[in-house]
């Protein structure tokens, strides 16, 4: 096995639907899971007309009056849903030069007696229908379709690593108080010419810094023809992940890596700001959730698959190290880990709703910096 990928594989999702071609698809998927942690999928049957409406309305959101966007600010939501101003988020101790809104499949807020991490679930802050007609209906439909796609795809992930297709179903609780909530972002990365002075230099300005996605898997719709998304191989090299029409970019999350004992790899990735004169880059990632009550437990991955993973690890050089909140010895549930991760990235929300936990997060960050 080659341990240092030089490109991100493209898989044809439609091949998984036929008994004749499914074995070959699962073999390709296993390679992507064990060695890359990133892949493209095409031919998913998500309606193209819907995708174009999602892109059009997503771009239009950022043209809303400033007062309307600020009415939806995330700092007003204990559920970390809503609008974030340019430069409001931090990744790897640096400012991310992006503007965004975070949405989710619609769920009510938890009861006051429920565990605190369940506050990660809750209702959206939607823009006014009169100012952006059709936005809520379009994005609700899109998130529902992406929920269906991600549920089907994670069953293929299970099969690719030798597990039953329903192996992950137990993490998608149907109990209303424990059910999962999927998330989505609409992100605008302004080109470097429009950024505040001192925000970075040239093509190395950080749109979003090196990080790994959380939960199980994410599905990125690259909504403009900009390069900028890069993934890191085990040799520490940054590999381009350019837009390919008709595809989603799938990233494996830290939750899936933790559950599979590291067999599925969550890969570090970043986004560079668009170069001067190229215009804004837009992207729309969908994040598959699991119940926040999920415990850190290893799946019973077959030994032959574990052996393949060990071969990859033995031959690999260490890539750039990124802080990983999803450590079994640190937290009991994915919800606890995710809450601390969100507070770290959105400290204004932490200051308003979780000041005690923000203090803990800042102490953790200080210790990490001292250890370097």
Legend entry - Cβ-Cβ under 8 Å pairs, at least 6 apart or on other chains, segment 228-246 side at positive phi and touching a residue at least 24 places away in the same chain (Cβ under 8 Å), far side surrounded by fewer than 19 Cβ atoms within 10 Å (Cβ to Cβ) and in a loop (DSSP other than H, G, I, E, B): 236/317; 236/318; 236/319; 236/320; 246/43
Inset, instruction - Among the numbered conditions (1) touching a strand residue (DSSP E or B) at 6+ places or on another chain (Cβ under 6 Å); (2) in a helix (DSSP H, G or I), tell me where residue 103 comes up short. - result: (2)
Legend entry - Unmet requirement for residue 151, which otherwise passes all of (1) surrounded by 17 or more Cβ atoms within 10 Å (Cβ to Cβ); (2) out of contact with any helix residue (DSSP H, G or I) (no Cβ under 8 Å at 6 or more places or on another chain): (1)
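Has segment 51-66 got any residue that is touching a helix residue (DSSP H, G or I) at 6+ places or on another chain (Cβ under 6 Å) and either closer than 30 Å to residue 158 by Cβ or outside any helix (DSSP H, G or I) (or both)? Full working, then the answer.
If we filter segment 51-66 for residues that are touching a helix residue (DSSP H, G or I) at 6+ places or on another chain (Cβ under 6 Å), which is where we start, we get 53-54, 57.
If we keep only those that are either closer than 30 Å to residue 158 by Cβ or outside any helix (DSSP H, G or I) (or both) too, we end up with 54.
Within segment 51-66 (the criterion being touching a helix residue (DSSP H, G or I) at 6+ places or on another chain (Cβ under 6 Å) and either closer than 30 Å to residue 158 by Cβ or outside any helix (DSSP H, G or I) (or both)), the answer is yes, since at least one residue qualifies.
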Legend entry - Some residue of segment 288-300 being in contact with a strand residue (DSSP E or B) (Cβ under 9 Å, 6 or more places away or on another chain), at pLDDT 90 or above and either within 20 Å of residue 156 (Cβ to Cβ) or buried (at least 17 other Cβ atoms within 10 Å of the Cβ) (or both): yes
Inset, instruction - Run residue 370 past the list (1) in a loop (DSSP other than H, G, I, E, B); (2) at pLDDT below 85; (3) loosely packed, with under 13 Cβ neighbours inside 10 Å and report the number of the one that doesn't hold. - result: (1)
Legend entry - Evaluation of residue 271 against (1) within 24 Å of residue 171 (Cβ to Cβ); (2) modelled with pLDDT of 80 or more; (3) not in a loop (DSSP other than H, G, I, E, B) (one fails), failing number: (1)
Inset, instruction - For segment 121-137, name all the residues that are in a loop (DSSP other than H, G, I, E, B) and either buried (at least 19 other Cβ atoms within 10 Å of the Cβ) or at pLDDT below 95 (or both). - result: 121, 122, 124, 127
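The values are calculated or read from the model by the stated rules, or taken from the named source; none is laboratory data. Since the structure is predicted, the reported quantities are computational estimates derived from the model, not experimental observations. Ideal geometry is used to build each Cβ from the backbone, glycine not excepted, and the neighbour counts take in all protein chains shown.
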